[in-house]
Number of protein chains: 2
Amino acid sequence: MADAAAVVAETTHGTHWSFAAIDPSSARERILSAATRLFCHHGFAATGVDAVIAEAGTAKATLYKHFTSKEELIAAVLEAEGATWREWFFGRLSQVNGPAQTRLLAVFDILEEWLADPHFYGCPFINAVAEFDTDNDAVRAAADRHKAHLMTWLKAQALELGAPDATETARSFAVLIDGAIVAAQNARDPGFARTAKALAATYLAQITQGPVSRAT
Amino acid sequence: MADAAAVVAETTHGTHWSFAAIDPSSARERILSAATRLFCHHGFAATGVDAVIAEAGTAKATLYKHFTSKEELIAAVLEAEGATWREWFFGRLSQVNGPAQTRLLAVFDILEEWLADPHFYGCPFINAVAEFDTDNDAVRAAADRHKAHLMTWLKAQALELGAPDATETARSFAVLIDGAIVAAQNARDPGFARTAKALAATYLAQITQGPVSRAT
DNA sequence: TAAATAGTGGACAGAGTCGTCTATTTTCTT
DNA sequence: AAGAAAATAGACGACTCTGTCCACTATTTA
């Protein structure tokens, strides 16, 4: 227990701690990252486990030692990709100085960086739900957890902002974020992030200054 | 040519007209509607042609007489489903009396009817693009055509409204519509249509009355 | 050094995939 | 009623899919 970072996963010995579980060159990590690339790029159903092990450079038995089924692998990919994305997204967001209003608008600048990436393939959760719909509970659960993370953050910003209905404000931003992602993916145009940002600015102006019609 | 409605499709005879091509009980229509149900509900890749013919109650040879491949069947399903949806959507919209502003807001009421349908499975084009991404040109082309239809209508409303930038207004509504669809699908909550409607109302108030900050 | 662990390559089963084909029957047209 | 067209059931080939299993080889751990 010399290094705090080492305390991550217990080995089968039961008495020692190991780096194995977070070693990026381990077979498990190679399979996970290969699966992420292929699943997200070509679709979950369209990618076979043979393609995954070929990309990972591992044996099939190794894959099934770490993941009991393809379905579990899909769930693990979503969990890992979601965590990576949130780390990046909220990390970028934490670099933004200023009040809640500034942070909420910066969301769309950061979003645009993502949408403009030449390897952008859409939101993995939106894509997964689109592909499986009601047929896969694990996928839905992963998507729900991801959405809950975002909504919690959005609601906190709305409260800090003094929004009259923080939940509704968070829902509004969810619509704008999802809309920007899907419109950008469909039209292959990251500029939809700016369109969403303008809508967000108008909305924020309204809830902080009150409705315009009052002035009449 | 006694009945005008009969003049729709030419048979292989070349000299007569027939109801066959629009007969909903024809094998082609049964295959198309069965494929639509299964593809949209369970995904395109996850649904095999055997499942389609079982649902349609036809022989496999019949399917391949009408569609040369599964890919062509997918494209035909998207084309048909898109046309059906637009017919319904713009049909409902044509029942709305009032100026462009009223029609643009009514979009979200009509959208909510769709999202609240217990059989709602998301937008078939958003789902298809999510599943195939760059891997299927026919799918992308069908999605592009569908989007173009919507954008054309939105832009016409924006022009009638006297919006300063009709294209940008149409893009804003595209974000709100896509966002409402995806958020509703993810959260299984058609109420996101109302959230999007409120955003649209705020946006319309801003572009028709000018920015609030001017008043200061 | 000896035991435990992790990984390899490939064969394999059983089911499913798309698409073709034949032989037969039903439906329509004249 | 006769001939043309459309649809049928189902076998089939060639391939891919997931998941299991085996004998074998590195790599760790004690």
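Label point of A:Tyr64 (7 Å along Cα→beta-carbon): distances to the other copies' equivalent points are 3.2 nm, sorted ascending.
Other protein chain C-beta atoms within 10 Å of residue C-beta, averaged over B:42-54: 3.
When the Cα atoms of the protein assembly as shown are enclosed in a convex hull and the volume is divided per residue, what value in Å³ results?
Numbers: hull volume 78.1 nm³, N = 432.
With only Cα atoms used, the protein assembly as shown gives 181 Å³ per residue.
Lysine pairs in chain B 8 or more apart or on different chains: how many have alpha carbons under 29 angstrom apart? List each step's numbers first, then the result.
Details: B:Lys60/B:Lys70; B:Lys70/B:Lys147; B:Lys147/B:Lys155; B:Lys147/B:Lys197; B:Lys155/B:Lys197.
Close lysine pairs under the 29 Å cut-off: 5.
What average number of partner chain Cβ atoms lie no more than 10 Å from the Cβ of the residues making up B:188-200? Kindly include the intermediate steps, with their values, before the conclusion.
Working: counts 3, 1, 0, 2, 5, 1, 2, 9, 6, 0, 6, 12, 1.
Mean shielding count: 4.
The other copies place their B:Ala201 label points at 2.4 nm from this one, listed shortest first, where each point is 7 Å from Cα along Cα→Cβ. The translational diffusion coefficient of the stretch A:74-209, from Stokes-Einstein at 10 °C and 1.306 mPa s with a Kirkwood hydrodynamic radius over alpha carbon pairs, comes to 103 µm²/s.
Taking the label point 7 Å along Cα→Cβ, B:Ala141 and its counterparts in the other copies are spaced 4.3 nm apart, in ascending order.
Measuring from the axis that maps chain A onto chain B, the chain A residue with the nearest beta carbon and its rounded distance in angstrom come out as A:Gly179, 1. Using C-alpha pairs below 8 Å separated by at least 6 residues, the relative contact order for the stretch A:74-209 is 29 percent. Each other residue within a Cβ distance under 12 Å of A:Asn136 adds +1 if Lys or Arg and -1 if Asp or Glu, for a net charge of -4. Set the Cα radius of gyration of the stretch B:31-84 against 2.2 N^0.38 Å, with N its number of residues, and you get 0.99.
Among all helices in chain B defined by DSSP H, which have a length of 24 Å or more along the axis from Cα atoms plus a Kyte-Doolittle mean of at least -0.5?
On the way: long enough: B:70-94 (35 Å, -0.06); B:100-116 (25 Å, 0.71); B:137-161 (35 Å, -0.20); B:166-187 (31 Å, 0.70); B:192-209 (26 Å, 0.38).
Membrane-span-like by this rule: B:70-94, B:100-116, B:137-161, B:166-187, B:192-209.
From other protein chains only, count the Cβ atoms within 10 Å of every residue's Cβ in B:123-130, then give the mean. List each step's numbers first, then the result.
On the way: counts 3, 1, 1, 8, 6, 2, 6, 14.
That works out to 5 on average.
How big, in percent, is the set of alpha carbon pairs in the stretch B:49-128 lying more than 15 Å apart? In whole percent, the share of Cα-Cα pairs in the stretch B:49-128 beyond 15 Å is 68. Relative to the Cα centre, the charge distribution of the protein assembly as shown, modelled as +1 at Lys and Arg Cβ and -1 at Asp and Glu Cβ, gives a dipole magnitude of about 760 debye.
Coordinate-derived values only; no laboratory data. As the structure is a prediction and not an experimental result, all values here were calculated from the model. Note that each Cβ is placed from the backbone with ideal geometry, even for glycine, and that neighbours are counted across all protein chains shown.
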